[in-house]
Amino acid sequence: MPGERGEVGGPGGGSGSAFTGSAGSVLWTAARCGPEPTSPEGVEGQTCVLVDGHAAWARSYYRNTTGDELRSVLTLMGSGGRTVETHCTVESRDEPGDCETPHRSSYGGPEEYVAVAEYAGGGGVAEEAPLLLRSGPDPAPSAAG
């Protein structure tokens, strides 16, 4: 169907998907996803950078089994200090959810960007909530190789 998107990344997901434009042409979305860390408290997350040739954005996938609603901050960072930040509410449920930054004009592939999601307790003052999980890119390879 024109304008239909497939899934990109996500827990156990792939590295890209097709987007069918209104004229029937197929554009590809490139994705670079980090590892899927889990906190001892019961928060799982994965963060991806997506680029489709015209726009770049970040998406985080999560599962929150803590029993409490959490707060998430998803940040997409590019060269030259370009940063986009989104705040999301993370409901407590065993089903996966996602959070996405607004799409911004891109200036390169997914390797030109870094995305980080932070999950913190939802009650009380945001600045005082404990950080439960940080999800981001793969760690840089060590010099030893």
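The values are calculated or read from the model by the stated rules, or taken from the named source; none is laboratory data. A quick note: this is a predicted structure, and the numbers were derived from the prediction, not measured. Heads up, the Cβs are rebuilt from the backbone with ideal geometry, glycines too, and the neighbour counts pull from every protein chain shown. Just the protein is used for accessible areas: all its heavy atoms, side chains included, with ligands, DNA and RNA removed. Shrake-Rupley method; radii C 1.70, N 1.55, O 1.52, S 1.80 Å.
Worth pointing out:
- Sequence ranges 30-37, 76-83, ranked by mean other-Cβ count within 10 angstrom, highest first: 30-37, 76-83
- Spin-label model, Glu111/Asp94: points 7 Å from Cα along the beta carbon direction are separated by 4.1 nm.
- Rolling a 1.4 Å probe over the protein heavy atoms gives segment 26-140 an accessible area of 52 Å² per residue.
- Accessible surface of segment 19-110, 1.4 Å probe, proportion on carbon and sulfur as whole %: 48 percent
- Cα pair distances of segment 29-95 binned at 10 Å [whole percent]: 19, 47, 27, 8
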